[in-house]
Amino acid sequence: MTLSTERFNFSASQRELEELRHRIELGLTRIPEPIPDTEWEYGTKRDTLVELVRYWKDDYDWKAAEKRIFGDFQHFRAPVNGVDVHFIHERSNRDDALPLILIHGWPGSFFEFIDLIHEFANPSDPSQPAFHVIVPSLPGYGFSSAPKVRGFDTREIGKTFDELMKGLGYAKYFAQGGDWGSIISRQMAIDFPDSCRAIHINMCIIRPPSPGITTIWMLFKAVLWGLGFKMFSEDEDKWLKATQNFMEWETDYQKIQETKPQSLGYAFNDSPVGLAAWILEKFETWGDCRGDVLGHFGKDRILTNIMIYWLSGSITSSMRLYYEGRHNLPNLVRILTVYHQPPVAVANFAEELYRGPREWAANLMNLQQWSIFPSGGHFAAMEEPTLLLGDVRKFFGRKDIAKLVRGSSKL
């Protein structure tokens with residue numbers, strides 16, 4: 001299979017940017033007042049939002065971001081599985097490079113990986129492994145077209161990306177991802193183990209194992225832990241409690257995006273301030289921000305990610321992925337029930353949303369590497385790029401792992 005690819009470029013018109021500025025100015029006049037002495041507990045903190053939006057109006061330079069994004073990397077689009085997939089394709093100069101697809105999530109974008117691509121492809125240290133890097137936008141995200149049919153869920157995206165990689169000449173490849181990207185990588189490992197030869201994920205959703213001869217003790221430990229007994233390591237105990245808290249208090253955004261994404265989309269596609277408030281709150285809540293989301297991520301990087309949603313008009317179609325996941329639940333739940341045969345590496349960052357005991361993961365997947373980091377959150381590629389880069393290299397660069405894809409490229 002050979003793809004019909006075409007070079008892709010994007011340049012926002014002056015009219016689009018002027019209209020955006022006008023909408024921001026109007027939005028600033030209608031930001032509601034909060035209850036006094038509140039921070040983020042009711043949602044996005046007003047003062048932080050106002051600071052970001054004023055910077056957006058007065059100082060942010062999309063054209064500079066555009067020049068870097070489209071000037072420093074080669075972008076393409078290709079029709080795959082009924083959608084036009086946008087992707088960056090950065091070929092390494094090295095003959096021993098390994099094919100690697102980097103997969104983002106929500107409310108991120110391909111931009112999450114922008115600081116890693118060159119170093120993955122052509123490492124400054126020649127002793128490090130090199131990769132042919134493919135960074136797609138999920139269907140319905142950024143500059144990929146939105147699916148026109150029902151049911152285009154994470155499993156269907158996995159099929160799409162497997163076809164993309166094969167169509168680019170990579171019969172065997174590695175995958176890395178966080179958020180939806182971790183789920184899609186796992187779907188690919190389950191469905192296409194002969195081509196997706198190993199995966200590295202920085203969000204590992206797992207659950208207590210189902211009863212069975214080899215898992216009954218793990219299940220018993222989970223029950224005892226739920227009753228208050230100390231059954232896991234200090235880190236694992238903390239992770240489970242944090243995951244419980246997240247599931248109880250921080251997942252209602254999922255409920256509305258699973259049920260009525262279109263209704264929400266009308267508001268966010270009309271109001272840049274509303275869009276910024278929705279996305280900013282996730283960066284603050286999910287990142288290892290320590291009270292300073294704007295300083296932690298940087299205003300420009302937050303806004304560039306938001307701009308990709310705004311200028312592509314993709315916020316509504318991006319949220320539909322939650323609907324498709326909820327309404328095709330067996331396809332989603334299978335990552336918790338079907339054994340992952342290809343080798344798996346898991347990077348556990350300090351403030352990741354979903355974490356659990358290593359033994360649960362090892363029961364579900366061919367776990368070959370388990371790393372724990374003292375910092376970083378849900379957006380690891382943006383928050384701790386050096387740590388993520390090193391962990392990915394450590395895993396895929398292993399001789400026994402690298403040989404799984406060696407010589408598979410037809411390019």
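Tabulated values for the structure
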item: Which numbered condition GLY27 fails, given (1) more than 30 Å from GLU250 (Cα to Cα); (2) not in a loop (DSSP other than H, G, I, E, B); result: (1)
item: GLY181 being touching a helix residue (DSSP H, G or I) at 6+ places or on another chain (Cβ under 7 Å) and in the same structural domain as PRO342 (by TED's automatic domain parsing); result: no
item: Which listed residue, of SER375, SER408, is modelled with pLDDT under 95 and either over 20 Å from ARG207 (Cα atoms) or under 19 Å from the mean Cα position of the chain (by Cα) (or both); result: SER408
item: Members of segment 190-202 that are within 17 Å of the chain's Cα centre (by Cα) and either β-branched (Val, Ile, Thr) or over 14 Å from VAL346 (Cα atoms) (or both); result: ILE199, ILE201
item: Residue identified as in contact with a helix residue (DSSP H, G or I) (Cβ under 6 Å, 6 or more places away or on another chain), within 19 Å of ILE114 (Cβ to Cβ) and of a type outside the set (Asp, Glu) among LEU303, LEU332; result: LEU303
item: Scan of segment 377-396 for residues that are surrounded by fewer than 17 Cβ atoms within 10 Å (Cβ to Cβ) and not β-branched (Val, Ile, Thr), ordered by number; result: GLY390
item: Cβ pairs under 6 Å, 6+ apart, first in segment 155-166 and farther than 8 Å from VAL80 by Cα and assigned by TED's automatic domain parsing to the domain that holds VAL333, second among the hydroxyl-bearing types (Ser, Thr, Tyr) and outside any helix (DSSP H, G or I); result: ASP162/SER195; MET165/TYR173
item: Top-ranked residue in segment 1-18 [being in contact (Cβ under 8 Å) with a residue 12 or more places away in the chain and outside any loop (DSSP other than H, G, I, E, B); ranked as surrounded by the fewest Cβ atoms within 10 Å (Cβ to Cβ)]; result: ARG7
item: Of the criteria (1) farther than 30 Å from GLU258 by Cβ; (2) without any contact (Cβ under 8 Å) to a residue 60 or more places away in the chain, which one PRO330 fails; result: (1)
item: Failed condition for VAL293, given (1) touching an Asp or Glu at 6+ places or on another chain (Cβ under 8 Å); (2) outside the structural domain of PRO272 (by TED's automatic domain parsing); result: (2)
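Yes or no, residue by residue, for (1) within 20 Å of GLY313 (Cβ to Cβ); (2) in contact (Cβ under 8 Å) with a residue 12 or more places away in the chain; (3) not assigned by TED's automatic domain parsing to the domain that holds ASP270:
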| residue | (1), (2), (3) |
| --- | --- |
| LEU20 | yes, yes, no |
| GLY27 | yes, yes, no |
| PRO34 | no, yes, no |
| GLU39 | no, no, no |
| ARG46 | no, yes, no |
| TRP56 | yes, yes, no |
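For every residue, the table says whether it meets (1) under 30 Å from SER4 (Cα atoms); (2) assigned to a loop (DSSP other than H, G, I, E, B); (3) within 22 Å of the chain's Cα centre (by Cα).
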position	(1), (2), (3)
PRO36	no, yes, no
TYR42	no, yes, no
LEU49	no, no, no
TYR55	no, no, no
TYR60	no, yes, no
LYS63	yes, no, no
LYS67	yes, no, no
PHE70	yes, no, yes
PHE76	yes, no, yes
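The values are calculated or read from the model by the stated rules, or taken from the named source; none is laboratory data. In this text, all values refer to a predicted model and were calculated from it rather than measured experimentally. For neighbour counting, all protein chains shown are included, and Cβ atoms are generated from backbone atoms with ideal geometry for every residue, glycine included.
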